[in-house]
1. Can you name the residue in region 51-78 that is outside any helix (DSSP H, G or I) and among the β-branched types (Val, Ile, Thr) and is also surrounded by the most Cβ atoms within 10 Å (Cβ to Cβ) among such residues?
2. Of all the residues that make up region 144-184, how many are closer than 18 Å to Glu75 by Cβ and not hydroxyl-bearing (Ser, Thr, Tyr)?
3. List the number of the failed condition for Leu30; all other conditions in (1) without any contact (Cβ under 8 Å) to a residue 12 or more places away in the chain; (2) of a type outside the set (Lys, Arg); (3) surrounded by 13 or more Cβ atoms within 10 Å (Cβ to Cβ) hold.
4. Working only within region 119-146, note down all residues that are outside any strand (DSSP E or B), in contact (Cβ under 8 Å) with a residue 24 or more places away in the chain and out of contact with any Phe, Trp or Tyr (no Cβ under 9 Å at 6 or more places or on another chain).
5. Where residues in region 147-184 are modelled with pLDDT under 85 and not in a loop (DSSP other than H, G, I, E, B), which of them is surrounded by the fewest Cβ atoms within 10 Å (Cβ to Cβ)?
6. Leu41: more than 30 Å from Lys103 (Cβ to Cβ) and surrounded by fewer than 16 Cβ atoms within 10 Å (Cβ to Cβ), yes or no?
7. If you go through region 85-99 one residue at a time, how many are under 16 Å from Thr150 (Cβ atoms) and either in contact (Cβ under 8 Å) with a residue 60 or more places away in the chain or open to solvent by 100 Å² or more (accessible area, probe 1.4 Å) (or both)?
Amino acid sequence: MDVFFEQVVKRKRTAKSVAIIIATIAVLILVPATCCLLAVLGIVIPYMIYVGLFLFLIGIYVAWYIITSQRVEYEYSVSSGTLDVAKIISKRKRKRVCKVEIKDIELFCKADDDRLNQRRCAKHFTAAADLADAENTYCAVYNNPAYGRTILEFTPNEKIREAMKPHLKKDIVLEMFYHRGPRQ
């Protein structure tokens, strides 16, 4: 019997996304204002006022698109022993981040675990709500055929972790869910 569990996590705003929003609004206001100011001062032809108005109207759409693109959600779904992670940008674009066979996970631990520093990984996928929240962020190390050893950083809830449990290796289950077993 196939089981399907799904979770959607909204990414928290970062300083980078706030800076992009502020810069977008500043450009939206400054470019048309500069065109109009140059036309009023007589430095360029008077039709620059119309160009400034046209740039402002086009800029509204571009600014809306850029600002709404900063809203990112991640969707985790567990089905038939596979963890599928997708990135949803402003509910209009969906992009698969990675697909992991749960049985291939070598290490499943919290993000602040020291064992992650000992592993050399070729690729790093981040699909966490807030990277600063190490208490709720988990890392899964697995071997990806395309990239080699890979780390997936994500924020699964209890249902997703329980759905992964039957497919994980026994030593990982003992350590994560029953707090037994060797810590290397």
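1. Ranking the candidates gives Val78 first.
2. So the count comes out to 12.
3. (3)
4. If the condition is that a residue be outside any strand (DSSP E or B), in contact (Cβ under 8 Å) with a residue 24 or more places away in the chain and out of contact with any Phe, Trp or Tyr (no Cβ under 9 Å at 6 or more places or on another chain), then Arg119, Arg120, Asp130, Ala134, Glu135 are the ones that fit.
5. Taking the candidates together, the pick is Tyr178.
6. yes
7. Here the count works out to 3.
The values are calculated or read from the model by the stated rules, or taken from the named source; none is laboratory data. As the structure is a prediction and not an experimental result, all values here were calculated from the model. Here Cβ is always computed from backbone atoms with ideal geometry, including for glycine, and neighbour counts include all displayed protein chains. What goes into the accessible areas is simple: the full protein's heavy atoms, side chains included, and nothing from ligands, DNA or RNA. Shrake-Rupley method; radii C 1.70, N 1.55, O 1.52, S 1.80 Å.
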